[in-house]
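Data block below; observations after.
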């Protein structure tokens with residue numbers, strides 16, 4: 001396999017530091033949404049009037065999470081090194097664009113491309129990954145996706161795009177899995193060694 005030309009990242013629990021609790025499970029529980037469904041799919045099962053209220057509450061919740069977010073230790077260095085070696089970086093998240101932009105502005109993070117759920121169906125659909133590949137005119141083997149969840153795995157596997165994971169308290173079964181961005185960076189640099 002050749003060298004990667006682009007590294008695509010998830011936002012929550014990947015670029016951003018994982019939280020001790022799963023905020024999405026908390027939102028589902030507090031709003032009576034099915035625990036095994038994506039939040040958006042759970043909202044879609046509600047009556048239309050209730051859907052609008054839940055979408056508004058979800059956006060407020062996402063913005064509050066962005067406002068209180070922290071970047072994963074070592075992530076800024078990792079992103080800087082990727083730019084130094086000439087790799088394209090993109091952010092692909094199921095989050096709302098307004099919440100995503102809030103987090104990026106707060107932490108001074110920049111990517112060549114930012115795609116959110118307004119741009120394509122959310123993961124586990126591969127649509128966000130496909131949009132990013134098309135944007136940069138890349139084949140799946142020319143990019144690597146860095147995520148943290150089973151949904152990230154399913155999205156990448158659906159189009160044969162390589163996927164690696166950063167560790168969270170909730171993803172011990174996913175492989176290859178790296179505890180820290182520095183460890184992931186070393187693995188990436190070994191591919192160029």
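Miscellaneous remarks
- Projecting label points 7 angstrom from Cα along Cα→Cβ for residue 141 and residue 84 puts them 3.0 nm apart.
- Highest to lowest packing among 9-16, 127-134, 49-56, scored as the average C-beta count within 10 Å: 9-16, 127-134, 49-56
- Multiplying each eigenvalue of the alpha-carbon gyration tensor of the stretch 35-109 by 5 and taking the square root yields semi-axes of 32, 13, 10 Å, largest first, rounded to whole angstroms.
- Percent of Cα-Cα distances greater than 21 Å, calculated over the stretch 96-175: 32
- DSSP assigns beta bridges within the chain; of those with both partners inside it, close to 5 percent run antiparallel.
- Two-decimal Rg to Rh for the stretch 23-67 - Kirkwood Rh, Cα set: 0.95
- Distance between the modelled labels on residue 187 and residue 170, one decimal in nanometres: 2.1 nm (7 Å Cα→Cβ projection).
- Whether the stretch 102-144 is rounded, prolate or oblate, judged on the alpha carbon gyration tensor where a/c under 1.5 counts as rounded: oblate
- On the principal axes of its alpha carbon atoms, the stretch 1-83 extends 48, 31, 19 Å, with the longest extent given first.
- Three principal axis lengths of the chain [C-alpha, angstrom, descending]: 55, 31, 30
Rule-based calculations on the coordinates, nothing more; no lab input. Source: prediction; values computed, not measured. As a convention, Cβ positions derive from the backbone with ideal geometry for all residues, glycine included, and neighbour counts pool all protein chains shown.
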